[in-house]
Amino acid sequence: MRTRIYYPFILLIALLTTVSCENELPFSVKDNPPKLVMNALINADSLTNVLYLNLTGRGYATHAEKATVEVRVNGQLSESLRPLPPQAEGDMQCRFNISGKFSPGDVVRIDALTDDGQYHAWAEVTVPQRPHEITDIDTVTVPLTQYYYTQNYLRYKINIKDRPDENNFYRLIMDKQMTVKDYNNEIGEYVTQTTHRYHFISREDVVLTDGQPTNSDDEDNGMFDTVKNIYGVFDDSRFKNTSYTMTVYNQTNVEGLSKYGTNVKMDMIVRLLSITETEYYYLKALNLADSDAYDETINEPIKYPGNVQGGVGIVGISTETSKIIHIEKPWI
């Protein structure tokens, strides 16, 4: 049975225990004492970033209890946090809301300490510089074949510019935001409901496929499974110090709100993130774990890079720029 870790917005634990000198996170949890697991992927501009604490265990992860998280920016304590209330009855996941904004170049240290003094883990991250603004986005509706089935997709030509004289790591997020207004009988007024979808197709793009673009014929022949870039990560090795036009596709059909018919407002938010090198390689590992190309019975265990000292896990911080494409839909 394949072990999976899913993101965005919640980093589940793959029952991680041993840590090498490179702080890699293997799957094995058989013979090691519990370690504190600290996970967070933080947007430097957001006030609602969530950090998760767990403990590794034999066969399953357990939730940390009664802990404090301290956030320091450039050596100065900025937040001392206690766990958030449970999201639902019976949900004991230990979560913390990091509410401070960070600026590019800030050195952020986050410490997690359990009240019994048994566990103390920490990570230090330098906030990456903000990516250049997205220069331009051209869109056109085109037929696209996937697994023998042809449908209309929106094609995006996204022009970006690399930050000069640096080794940069990026992430592309295609945020399809669908919004409806619905009448709430309990309060006697209209309320707004928003749903997000993030799927996109990047198989033709040289950068997003690590120099191995494919087409519908490659997918349909069924002979060779490829690792899809689900998390949209890439580096600047193929367009260093210059510009690049990226090609991706998605559909603008309504998902999850079908009962509202055409009364849905839709925006496509194209987000370009600067991420840390550790986050880049971590998300590349998740791409492999979530791919049909990986078979744990014949492939070596996936090694997940991390940067947590005194425990395991990853803390990443990103900066971003974005553009909004309005896809007109009528309101209720």
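The values are calculated or read from the model by the stated rules, or taken from the named source; none is laboratory data. A quick note: this is a predicted structure, and the numbers were derived from the prediction, not measured. With ideal geometry, Cβ positions are generated from the backbone for all residues, glycine too; neighbour counts draw on all protein chains shown. For the accessible areas, the whole protein counts, side chains as well, though only heavy atoms, and no ligand, DNA or RNA atoms are used. Shrake-Rupley method; radii C 1.70, N 1.55, O 1.52, S 1.80 Å.
Yes or no, residue by residue, for (1) acidic (Asp, Glu); (2) closer than 27 Å to ASP267 by Cβ; (3) in contact with a helix residue (DSSP H, G or I) (Cβ under 8 Å, 6 or more places away or on another chain):
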position: ASP111; (1), (2), (3): yes, no, no
position: GLY117; (1), (2), (3): no, no, no
position: ALA121; (1), (2), (3): no, no, no
position: ILE137; (1), (2), (3): no, yes, no
position: TYR156; (1), (2), (3): no, yes, no
position: ASP162; (1), (2), (3): yes, yes, no
position: LEU172; (1), (2), (3): no, yes, no
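Answer yes if at least one residue in the range 277-296 is more than 17 Å from VAL206 (Cβ to Cβ), touching an Asp or Glu at 6+ places or on another chain (Cβ under 7 Å), modelled with pLDDT of 85 or more and crowded, with 17+ Cβ neighbours inside 10 Å, and no otherwise.
yes
Six or more apart or on different chains, Cβ under 9 Å: which pairs go from a residue in the range 100-125 that's more than 21 Å from SER46 (Cβ to Cβ) to one that's among the hydroxyl-bearing types (Ser, Thr, Tyr) and open to solvent by less than 70 Å² (accessible area, probe 1.4 Å)? Could you list them?
Qualifying pairs under 9 Å: LEU113/THR68; LEU113/TYR119; THR114/THR68; ASP115/THR68; HIS120/THR114.
For the range 33-55, state whether one or more residues are open to solvent by 60 Å² or more (accessible area, probe 1.4 Å), out of contact with any strand residue (DSSP E or B) (no Cβ under 8 Å at 6 or more places or on another chain) and either modelled with pLDDT of 95 or more or within 27 Å of SER274 (Cβ to Cβ) (or both).
Yes, the range 33-55 contains a residue that is open to solvent by 60 Å² or more (accessible area, probe 1.4 Å), out of contact with any strand residue (DSSP E or B) (no Cβ under 8 Å at 6 or more places or on another chain) and either modelled with pLDDT of 95 or more or within 27 Å of SER274 (Cβ to Cβ) (or both).
When you scan the range 128-140, do you find a residue that is of a type in the set (A, V, I, L, M, F, W, C) and under 30 Å from VAL71 (Cα atoms), even just one? Break it down stepwise before answering.
Kept after step one, since they are of a type in the set (A, V, I, L, M, F, W, C), are these residues of the range 128-140: 134, 137, 140.
Checking the rest, the ones that are also under 30 Å from VAL71 (Cα atoms) come to none.
Among the residues of the range 128-140, not one is of a type in the set (A, V, I, L, M, F, W, C) and under 30 Å from VAL71 (Cα atoms), which makes the answer no.
Listed here are the residues, each with its yes/no results for (1) in a strand (DSSP E or B); (2) open to solvent by less than 70 Å² (accessible area, probe 1.4 Å); (3) in contact with a helix residue (DSSP H, G or I) (Cβ under 8 Å, 6 or more places away or on another chain).
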position	(1), (2), (3)
ASN167	no, no, yes
ASP175	yes, yes, no
THR179	yes, yes, no
ASP182	yes, yes, yes
ILE187	no, no, no
THR192	yes, no, no
HIS199	no, no, no
VAL207	no, yes, no
PRO213	no, yes, no
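Can you name the residue in the range 130-160 that is exposed (fewer than 14 other Cβ atoms within 10 Å of the Cβ) and in a loop (DSSP other than H, G, I, E, B) and is also farthest from the chain's Cα centre (by Cα) among such residues?
Here the answer is TYR148.
Out of (1) open to solvent by less than 60 Å² (accessible area, probe 1.4 Å); (2) assigned to a loop (DSSP other than H, G, I, E, B), what's the single condition that is false for GLN87?
With respect to (1) open to solvent by less than 60 Å² (accessible area, probe 1.4 Å); (2) assigned to a loop (DSSP other than H, G, I, E, B), GLN87 is out only on (1).
If you scan the range 108-121, which residues turn out to be under 21 Å from the mean Cα position of the chain (by Cα) and open to solvent by 50 Å² or more (accessible area, probe 1.4 Å)? Outline the logic, then answer.
Keep residues of the range 108-121 that are under 21 Å from the mean Cα position of the chain (by Cα), which gives 108-110.
Scanning the range 108-121 gives a single hit, ARG109.
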